[in-house]
Every structure is written in structure tokens, then in C-alpha cells.
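The structure under discussion appears below in the form of C-alpha cells.
The values are calculated or read from the model by the stated rules, or taken from the named source; none is laboratory data. Not measured: the values here are computed from a predicted model. We place every Cβ from the backbone using ideal geometry, glycine too, and count neighbours over all the protein chains shown. SASA here: full protein model, heavy atoms, side chains in, ligands and nucleic acids out. Shrake-Rupley method; radii C 1.70, N 1.55, O 1.52, S 1.80 Å.
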Amino acid sequence: MDTCDSEVVDKAMIQIENVSKFYGKKPSLQGVTLKIEKGEVFGVLGPNGAGKSTLLSILSAISMPASGRVEINGLDLKKQAKLVREQIGYVPQDIALWEHLTVKDNLIFWSKFSKRRVSKEELFELCRTVRLQGKWNEKVSSLSGGMKRKLNIAAALIHNPDILLMDEPTVGIDIQSKLEINQYIRDLARNGKTIVYSTHDMSEILYLCNRIGVLKSGVLQFSGTIAEAREMVKRKGFLPNSDEELIYLLLQDDSLEKPLPYF
Amino acid sequence: MNLSIAYFKIREILLHPLSLVLIFFIPLGLTLIVGHLVEKGQKQLEIPIAIIDEDHSDFSRLLVERISGQAKIHLYQVSGEKAERMLLRNDVDSVFVIKKGFQKRLLTGEREQSIEVWISPFSMAEGIVREVIASETARLTSDVKAADWVVKVYKSLDIQMDSSKTWNAAYDYTDSQWEPEPLMTIQYDQLYLEESGAGKSGFGDSPYLRLWTFFTMLGCFLTSDWIVREKGVLFFRIQSTYHGLVSYLIQNTVALFLFHLFQTLLTFYIFVKTNIIQMRPELLLLMFVYLFVCLSFSIWSASFINQIGSYYIVSFLFVIIIGILGGSFFPVQEFSSTLLKLSVIFPQNLLLSSNQMNIQTPLFISGAIVLWILAIRRLWIKR
Ligand SMILES: Nc1ncnc2c1ncn2[C@@H]1O[C@H](COP(=O)(O)OP(=O)(O)OP(=O)(O)O)[C@@H](O)[C@H]1O
Ligand SMILES: [Mg+2]
């Protein structure tokens with residue numbers, strides 16, 4: 001498993017320092033500090049409500065942190081939000097498409113939001129990448145849930161951004177397409193794109209991610225490679241038999257004294 | 001600014017028949033249809049009466065002419081037999097017979113039994129018509145009496161004159177006292193109308209412009225529904241793009257405004273061509289201002305509501321209530337002075353009452369701009 005093939009880079013592509021975010025009085029992120037390098041696929045893990053989407057929406061300059069500092073490709077997120085936005089492609093957890101428009105028109109419409117001009121040929125190529133070329137002229141409302149997911153991903157890739165922020169992008173996509181999309185994402189990372197990927201899918205984590213971060217109740221409890229995770233777990237006195245069991249242990253509820261057995 | 005989002009929105013509206021229906025058919029089509037029905041209904045409110053002229057004199061002809069000139073009376077001049085049949089069939093409310101010798105009797109100062117009334121058990125408005133006819137007859141008798149008296153005075157003072165010329169001059173002078181308002185009428189009516197200026201607006205009782213204000217506001221609300229539909233996920237996602245949400249909101253609204261503007265222009269053209277309103281550029285400008293206010297108002301309302309169903313219900317109620325209070329259906333200001341004072345805050349007032357540029361116009365424009373900014377601020381929350 002090639003989880004450690006990160007390239008040597010000088011400066012972190014994404015730098016998060018002591019970031020907190022509140023909804024009302026309730027914190028959804030607390031003092032998160034993290035570095036993500038160029039060409040890396042960084043997996044964001046954590047149970048429901050842990051703050052994964054909150055973190056990704058901050059990185060995509062949609063919401064601003066209450067405190068702390070975020071730098072993306074050398075740009076300050078607060079002061080240079082507009083420039084940051086042109087460099088990122090955001091795949092939201094919920095599908096963001098105009099249901100009454102066709103696949104083609106959705107891609108064209110999303111392309112209007114970027115600075116870069118994108119030709120129709122490029123859009124069709126993108127459509128082929130997510131295997132939707134046969135649906136080019138169909139209305140989004142007539143697509144299946146998985147197809148919409150694919151288009152949701154494609155929309156984030158339109159302006160060829162350097163950084164991809166993907167919030168559970170492959171939920172509900174069939175195994176075959178999911179593998180293809182995972183392969184595609186890995187190729188993108190190999191070609192120098194930086195990817196932050198939130199998922200609940202064990203095999204995706206293991207296949208895609210060079211490094212992972214584990215969030216629980218808004219606190220980043222671990223960040224590092226799978227190998228580093230294994231070391232940490234070992235120090236706590238556990239010896240997982242497989243990578244799957246390792247991930248399972250990482251996400252285990254800390255309030256339990258002894259982890260539940262893994263099957 | 002890159003305008004391709006607006007261009008795309010315009011294309012989208014053009015390609016979707018439903019949006020065209022909302023923008024063009026609701027304000028213009030429904031205004032014309034409902035306006036036509038209302039006008040027809042108003043015609044039916046006229047009281048039908050039959051009149052039989054047995055005298056065939058100058059005075060009787062003048063009387064018939066003046067009664068048929070009354071707005072609320074529809075007059076059939078028929079023979080006796082026909083009139084009886086019409087009354088029996090309820091085609092007319094009542095029948096008035098100008099008896100032979102009507103003119104002669106008036107000239108000799110007699111008024112009794114010069115006109116006969118036939119009524120049926122179903123006659124309802126006969127009393128009103130009787131008043132109208134009595135007033136017209138009184139006009140004739142007082143003219144005659146005045147002329148007789150002038151000639152008599154001249155004679156008693158031994159003034160040399162052509163007595164028939166003097167009589168005619170006195171008659172004409174007295175008659176002219178009845179114009180423009182009948183003598184012996186107190187001007188207590190239409191006080192509010194005069195104050196609010198509706199009487200001077202130049203489109204009289206036409207229901208069309210009133211209805212247009214209602215349907216245009218409705219159209220604006222219905223075409224602002226995209227905000228409610230898209231404000232969740234789509235607006236959130238749009239905030240992660242280079243051009244961003246504010247640009248999207250502005251361009252979409254501008255595109256929508258252009259369509260409504262075209263609708264207004266078309267309405268103005270049709271209204272002028274059909275003589276509903278006068279060809280006044282100022283009026284067109286006021287219609288544009290009204291439209292701008294409606295659109296800002298609907299966008300602002302849409303920024304508060306998250307459910308599309310509730311949005312439709314709320315906007316429908318809103319538009320109807322504002323329509324009633326603002327005078328889209330009838331001049332409510334005439335009912336109470338409170339409503340009259342209140343009416344200045346409704347945008348309909350721009351067109352229906354003042355009907356000319358005044359201090360209200362810039363106030364409404366700035367109010368609309370403020371609503372606009374508030375709406376954008378609400379939708380573009382720094383999460
Ligand atoms: N708009 C909001 N208003 C109030 N609280 C919110 C809002 N969005 C998120 N939260 C809260 O913030 C916390 C983190 O939510 P977030 O969506 O980031 O979780 P998540 O890790 O993405 O969960 P999931 O795996 O279910 O997607 C949760 O406790 C949630 O209740
Ligand atoms: Mg989430």
C-alpha cells in the first residue's frame with residue numbers, strides 16, 4: 001500500500017493555525033492546527049458532527065474562522081479570500097446543482113463563476129471523466145442520486161483548481177465508478193494537486209490518503225500517516241491486525257475504557 | 001464585472017415558458033382580462049329605464065337628452081307598448097312617460113302631473129331615477145320662472161327691450177348656472193378623492209392601472225422564488241467561487257429586472273394605445289419606480305423565508321393585503337382618513353394617487369435600495 005509516497009516540498013500548501021469556530025456558543029472546531037503539503041491527499045475522518053464539514057467550509061473560504069489563521073498557497077484566507085477561491089474547488093456534502101437545467105448547462109453555469117474561461121469541449125471532457133457523457137443533454141432532475149454526485153464532483157474540477165476540498169464526495173456512487181473516481185483523484189494528486197478529502201469509507205481512506213486527521217467534537221486528535229497512527233495506537237497498548245482495525249481504533253469513542261471488539 | 005451570469009439567466013428565462021408566463025402573462029395578460037371583466041361589471045351597474053316621450057317638444061327632447069347623459073342610467077327611448085313589455089320582463093327598472101303638453105305646462109309654471117312613472121313590484125332604483133328626473137325638470141322650470149321674472153321686472157321698470165330676446169337671455173343665463181354642477185347640490189361628495197388627487201389622475205375610473213399594480217407585485221414575488229430555492233446548498237457552494245454570491249445575486253436580479261422592465265414598457269404601450277392612460281413619460285417612469293420597489297421588496301421577503309411552500313403562501317397573502325390597503329382594487333383611501341394617511345407608505349400610491357413625481361418618488365427609490373442591500377446582507381452571511 002503506497003501511503004507514504006509524498007513528494008518533497010518546501011512550503012505547506014495549506015497551513016491551519018489554532019483555528020476555532022462556533023455555532024452560537026457551541027464550538028464546532030477548537031484550536032485546530034494542521035499542515036497539508038502540495039500533492040498530498042489528506043483524509044479528514046471523524047464521527048458525525050465532529051466538525052469535518054466545518055473545517056472544509058473554512059478552507060473553501062465560505063465561512064471564516066472565529067479565531068486562528070489559515071494560509072492557503074501563501075495567501076491569507078481572511079484578507080485574500082477572493083484569490084483563494086480561484087485556487088480551490090469545493091465539493092459540498094450536499095448536492096449543489098440546478099435541478100431544472102441540463103448536465104451541460106449546469107457545467108456551463110458553474111464555469112461562469114470562475115475567472116478562467118472554460119470551453120465547451122473541456123466541459124464535455126470533464127463529463128466523460130465522471131462517465132456522464134451519455135447524460136450531457138439530460139436534465140439533472142432526471143439523473144440518479146449517484147449520477148448527481150458525480151456531476152457535483154465534476155463541477156468543482158471545472159476551473160482546474162490546485163486545491164480540491166471534497167466533503168464526502170462519493171456517497172452513494174456505485175463501486176465501479178467510485179474506484180474510477182478514486183483513481184482519478186489519486187492521479188490528480190500525483191500531478192501536483194492538493195486534496196483534502198472527508199469520508200466515512202474505510203477503503204477510500206486506505207486507498208487514497210497519504211495522511212489522515214481525526215476530528216472528534218471539533219478537536220483534532222491525531223494527524224499523520226497510517227504508519228504514525230499505528231505507532232500511536234501501539235503506544236496506547238493496542239495491536240491492530242489490519243489497517244481497517246487501526247482506523248476503527250482511531251475513531252473509537254474515547255469514553256469507552258476498552259475498545260469494542262472489531263470484527 | 002463579468003456579465004455572463006446575467007446573460008445565462010436571461011437565456012434560462014427565455015428557454016423556460018413558465019418563467020415567461022410569470023413575467024408577462026400575470027402582470028399584463030391578467031390585468032387586461034380582469035380589467036375587462038371589471039369594466040363590464042361596472043356597465044351592468046347602470047340602471048336600465050325606459051322613457052316615452054308623448055310631448056315631442058324642445059323641452060321633452062332636452063330632458064331625454066340630459067337623462068341619457070347620466071352616468072349611472074341606461075336609457076331606452078321606446079313606444080308605450082314596448083315599454084310595458086320591457087317592464088313586465090324586468091328588462092327595465094321603471095318607465096317614465098313625458099305626458100303631452102309637458103312644455104306648455106312648464107311654461108305656464110305648472111309642474112304637476114307632467115311626468116308619469118310606471119313601476120313593477122321588482123322596481124328597485126325607481127326612487128333614484130325619480131330624483132334625477134325631478135332635478136332635471138326643476139332645472140327647466142326654474143329657468144322658465146327666472147326668465148319670466150326678469151321680463152316682468154323690466155316691464156315694471158319701464159325699460160325698453162325686445163321681450164323675447166330678454167326672456168331667452170335670462171333663460172340661458174339661469175340654465176348656465178347648472179354647469180358644471182347642478183344647483184342646489186352641496187359639494188360634500190368626493191372630498192377624499194379631491195385631497196388625494198385621484199380625481200385628477202387622468203385615467204378616471206379605469207380599473208386597469210390599479211390591477212396592473214397588483215399583478216406586477218404578484219409577478220415580482222413569484223419570480224423571486226429562486227432565492228428561496230437556492231439559498232441553502234447552492235448559495236453556500238457559490239460562496240466558494242471566484243465571482244461569488246454577491247455577483248450572482250446582482251446579476252440574476254438585474255436580468256430579472258430587465259424582463260419586468262420590458263413587461264412594463266409593453267403594458268404602457270398597450271395602455272396608451274387603448275386610451276387607458278395618457279401618453280406621459282413621467283407616468284412610465286413612475287411605473288418603472290413602482291416595479292423596482294416591488295422587486296426589491298420581494299427579494300427582501302424571500303431572504304427571510306426558507307421553505308418554498310411557505311414563501312408562496314406568505315407572498316400571496318402579502319400581495320393581497322398590500323394590494324387592498326394600497327388601493328390596487330378600489331380607492332380605499334376614500335373610506336377613512338386613517339387609510340388615506342396610511343396610503344402614502346404603499347408603493348401603489350406612486351401611480352394611483354399622486355400620479356406625478358414628488359417627494360415620495362426619491363423616498364421610495366431609496367427605500368427600495370435599502371431593502372436590496374439588507375436582502376444581500378442577509379443572504380451573504382459570513383458563516
Ligand atoms: N448551520 C449550523 N448551525 C448550527 N450548528 C451547526 C451548523 N452546521 C453545523 N453545526 C454543528 O457543528 C458541528 C459540526 O458539524 P459538521 O457539519 O462540521 O460535522 P461533520 O463532521 O461534517 O458531520 P457529518 O459526518 O455528519 O457530515 C455539529 O455539532 C453541528 O451540529
Ligand atoms: Mg459533514
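Counting only DSSP beta bridges with both residues in the range B:46-187, the antiparallel share comes to about 35 percent.
With contributions of -39500 (n - 2.57) from each DSSP H run of at least four residues, the per-residue ellipticity at 222 nm computed over chain A stands at -10000 deg cm²/dmol.
Label-to-label distance for A:Ser242 and B:Val34 is 6.8 nm, based on points extended 7 Å past Cα in the beta-carbon direction.
Just the projected area, averaged over all directions, of the convex hull on the alpha carbon atoms of the protein assembly as shown: how many nm²?
43.7 nm²
Take each residue of peptide B:230-239, count the partner chain Cβ atoms within 10 Å of its Cβ, and average: the result is 6. Please list the non-local residues whose amide H lies under 5 Å from the amide H of A:Met64, H modeled 1.01 Å from N, same-chain partners needing a gap of 5 or more. Here the answer is B:Arg383, since their amide H atoms fall under 5 Å of that of A:Met64.
Please figure out what share of the DSSP beta bridges in chain B is antiparallel and state it in percent, rounded to the nearest 5. Once the DSSP bridges in chain B are tallied, antiparallel ones form about 35 percent.
Beta bridges per DSSP, both residues in the protein assembly as shown: antiparallel share near 50 percent.
When only Cα pairs under 8 Å and 6 or more residues apart are kept, what is the percent relative contact order across chain B?
Once normalised by length, the contact order is 19 percent.
Within the listed set A:Pro27, A:Pro161, A:Pro92, the Gaussian network model of chain A (springs between alpha-carbon atoms below 10 Å) gives the highest mean-square fluctuation for A:Pro27. Cross-link reach is defined here as a Cα-Cα straight distance under 16 Å, omitting same-chain residues fewer than 8 places apart; for A:Lys178 the aspartates and glutamates meeting it are A:Asp167, A:Glu168, A:Asp187, A:Asp201, A:Glu204.
Before rounding to the nearest 500, sum -39500 (n - 2.57) across all DSSP H runs of length at least 4 in chain B and divide by the residue total; then give [θ] at 222 nm in deg cm²/dmol.
Estimated from H runs of four or more residues: -19500 deg cm²/dmol.
Quantify, in whole percent, the carbon and sulfur part of the accessible surface of the protein assembly as shown (1.4 Å probe; protein heavy atoms only).
Of the solvent-accessible surface of the protein assembly as shown, carbon and sulfur hold 59 percent.
For A:Ser28, the residues whose amide H sits under 5 Å from its own are A:Lys21, A:Phe22, A:Tyr23, ignoring neighbours fewer than 5 places away on the same chain, with H placed 1.01 Å from N. Taking every pair of Cα atoms in the range B:46-187, average 1/r, invert it to obtain the Kirkwood radius, and report Rg/Rh to two decimals. With Rg and the Kirkwood Rh in hand, the quotient comes to 1.05. Classification of chain B by its C-alpha gyration tensor yields a prolate form. The axis ratio a/c (a ≥ b ≥ c) is 1.5 or more, and a/b outweighs b/c. The distance separating the Cα centre of the range B:344-381 from that of the range B:106-160 comes to 56 Å.
Per residue, the protein assembly as shown exposes 50 Å² of solvent-accessible protein surface, assessed with a 1.4 angstrom probe and all protein chains in place.
Lys-Lys pairs in the range B:46-187 that are eight or more residues apart or on separate chains and whose Cα atoms lie under 29 Å of each other come to 20. Working from label points 7 Å from Cα in the Cα-to-Cβ sense, the B:Ile313 to A:Arg131 distance is 4.4 nm. Cross-link reach is defined here as a Cα-Cα straight distance under 13 Å, omitting same-chain residues fewer than 8 places apart; for A:Lys193 the aspartates and glutamates meeting it are A:Glu7, A:Glu37, A:Glu40, A:Asp162. Taking 18 Å as the limit for the C-alpha separation, the pairs A:Lys135/B:Lys231; A:Lys112/B:Lys9; A:Lys115/B:Lys231; A:Lys115/A:Lys139 exceed it in the case of A:Lys135/B:Lys231; A:Lys115/B:Lys231; A:Lys115/A:Lys139. Remark on A:Gln221: its backbone amide H falls under 5 Å from those of A:Val214, A:Leu215, A:Lys216, a criterion applied only to residues 5 or more positions apart or on other chains, H modelled at 1.01 Å from N. Take the accessible area of B alone and of A alone, subtract that of the pair with a 1.4 Å probe, and the total buried over both chains is about 2600 Å².
Just to confirm a number: summing +1 for Lys and Arg and -1 for Asp and Glu over residues other than B:Gln307 whose beta-carbon lies under 15 angstrom from that of B:Gln307, what do you get? Here the charged neighbours net out to 0. Counting only lysines at least 8 places from B:Lys341 when in the same chain, those with an alpha carbon closer than 26 Å to its own are B:Lys200. Surface listing: A:Trp98, B:Trp380 arranged by accessible area from highest to lowest gives B:Trp380, A:Trp98, probe 1.4 Å.
For A:Ser20, neighbours were defined as the other residues whose beta-carbon sits under 13 Å from its Cβ, and their charges (Lys and Arg +1, Asp and Glu -1) total +3. For the range B:301-315, the Karplus equation 6.51 cos²θ - 1.76 cosθ + 1.60, evaluated at θ = phi - 60°, returns couplings of 4, 5, 6, 8, 9, 9, 9, 5, x, 4, 4, 5, 5, 4, 5 Hz by residue, with Gly and Pro reported as x.
Extending 7 Å from Cα along the Cβ direction at B:Glu179 and again at B:Met161 yields two label points whose distance is 2.2 nm.
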